[in-house]
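Notes follow once the structure below has been shown.
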Amino acid sequence: MTTGDRPRCLIPAAGRGTRLAPVTSIVPKELLPVGTRPMLQWCLTEALEAGFLDIAVVTRDDKPLVGDWVRSGTWTEGLLERVRPAAERAGVTLVHQVRQAGVVNAVFSAAAWIEEGASFAVLLPDNVRIAGPPPLTAAHVSEAAGGAVVLAACHRVGPETAAFFGNVGRAELDERAPAGSRPIVTGIQARGTGPFRAAPEGSWRLAPRYTVTEAWVRIAREVAAEAASRDVQADDVDVHRRLVSGGILRAVPWEGTLVDAGHPTGYLRAQHLLYAAEERAREEAEGGAGNEPLIGIEVPTREEPPWRS
């Protein structure tokens, strides 16, 4: 793994993708296309736009397609032109998760970074950013590194879109936080079954975009030890719930469109949003507006097929 002072982020891509089975028994979830780009490429693009220069992708030996895709440089094919300069400066490496024992175990695969005491971001690729700026940036990692807090991006989910998310991550924020400060996360639901449950006015959802600091590692080691004693996976949700109990999880409220593409209906919604955006972009191009409404949608000419980028 690359070391140094360059901003770092970790992208876990060693999961089993059980929610999208049986498709994921053939194609790894992270390489399933969202529009014309693999899910993992969307996440890499976000990481580059967010200012991360050292990017580590967590894989397993029994998912060789993901490792081959990264190692061969295929991930750079079809990148948006605006992120190519960042891609040329960045280093994308692989780290291996020896045993699939949950997201916490995947984060611990970045052992070199953790041993250095370095702070870094975690971006889960099955939540695809469709529109808006990067929810968590290199600047947020620097901010969290200076204190004993953990930062996590949060976005609002309304009842009209709740069915497109899994039932995890509903959060409560301290609304009394002064303007410009990081609100304290005062509650996070345990992982549940079925779809996300949003209040009529909408609910905050903790996005899988967070910083790993010494505080996160300390709690995660406790969670991992307890999970190992019960022979279950160590879930980052359990880490974040304990951070909430300690009052050290802070929210980075974010406005944009994030889709849980690891959820079957969310995956279909992502495709629908991109198709609708493509149609809009074509209409604007023909009308001379030339806007780019969503991330990853480049305005086509009349001669281009609608999904070419």
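The values are calculated or read from the model by the stated rules, or taken from the named source; none is laboratory data. What you see is a predicted model; the values in this text were computed from it and never measured. All Cβ positions, glycine included, derive from the backbone under ideal geometry; neighbour counts span all protein chains shown. Ligands, DNA and RNA are excluded from the accessible area calculation, which covers all protein heavy atoms including side chains. Shrake-Rupley method; radii C 1.70, N 1.55, O 1.52, S 1.80 Å.
Taking amide hydrogens as modeled 1.01 Å from N in the peptide plane, which residues meet the under 5 Å criterion relative to residue 34, leaving out close sequence neighbours?
39
At 1.4 Å probe size, with the rest of the protein present, what percent of the exposed accessible area of the chain is carbon and sulfur atoms?
Result for the chain: 52 percent of the exposed heavy-atom area is carbon or sulfur.
Using 1/(1 + (r/R0)^6) with R0 = 35 angstrom and r between the beta carbons of residue 156 and residue 16, what's the FRET efficiency to the nearest 0.05?
E between residue 156 and residue 16, to the nearest 0.05, is 0.75.
Report, by chain and number, residues whose modeled amide H sits under 5 Å from the one on residue 58, excluding near sequence neighbours (fewer than 5 apart, same chain).
Amide H to amide H, under 5 Å and 5 or more residues apart or across chains, residue 58 pairs with 11, 13, 95.
Return the FRET efficiency for the residue pair residue 82, residue 284: r is the Cβ-Cβ distance, R0 is 22 Å, and the value is rounded to the nearest 0.05.
Rounded to the nearest 0.05, the efficiency is 0.75.
Just grab the label-to-label distance for residue 230 and residue 176, each label 7 Å out from Cα along the Cβ direction, in nm (one decimal).
3.3 nm
Placing +1 at every Lys and Arg Cβ and -1 at every Asp and Glu Cβ, with all other atoms neutral, what dipole size does the range 1-69 have around its Cα centre, in debye to the nearest 20?
240 debye
How many nm is it between the label spots at residue 98 and residue 191, if each spot is 7 Å from the Cα in line with the beta carbon?
Taking the simple label geometry, residue 98 and residue 191 are separated by 2.2 nm.
Of 26, 254, 186, whose Cα points farthest to the positive end of the dipole of the chain (charges on the beta-carbon: +1 Lys, Arg; -1 Asp, Glu; origin at the Cα centre)?
It is 186, whose Cα lies furthest towards the positive end.
Where the centre of each part is set by its Cα atoms, how far does the range 246-271 sit from the range 25-39, in angstrom?
First find each Cα centre; the distance between them is then 18 Å.
What distance in nm lies between label points placed 7 Å from Cα along the C-beta direction at residue 68 and residue 167?
Going from the residue 68 label point to the residue 167 one covers 3.9 nm.
As a check on your grasp of the helix formula, calculate [θ] at 222 nm for the chain: sum -39500 (n - 2.57) over DSSP H runs of n ≥ 4, divide by the residue count, round to the nearest 500.
-9500 deg cm²/dmol
Enumerate the calculated ³J(HN,Hα) couplings along the range 54-61 in order (Karplus 6.51 cos²θ - 1.76 cosθ + 1.60, θ = phi - 60°), each rounded to whole Hz, writing x wherever the residue is Gly or Pro.
10, 10, 10, 9, 8, 10, 10, 4
Let me spell out the model: positive unit charges on the Cβ of Lys and Arg, negative unit charges on the Cβ of Asp and Glu, origin at the Cα centre of the chain. What dipole size does that give, in debye rounded to 20?
So the magnitude is around 660 debye.
At 1.4 Å probe size, with every protein chain present, just tell me what the per residue accessible area of the range 26-153 comes to in Å².
That works out to 35 Å² for each residue.
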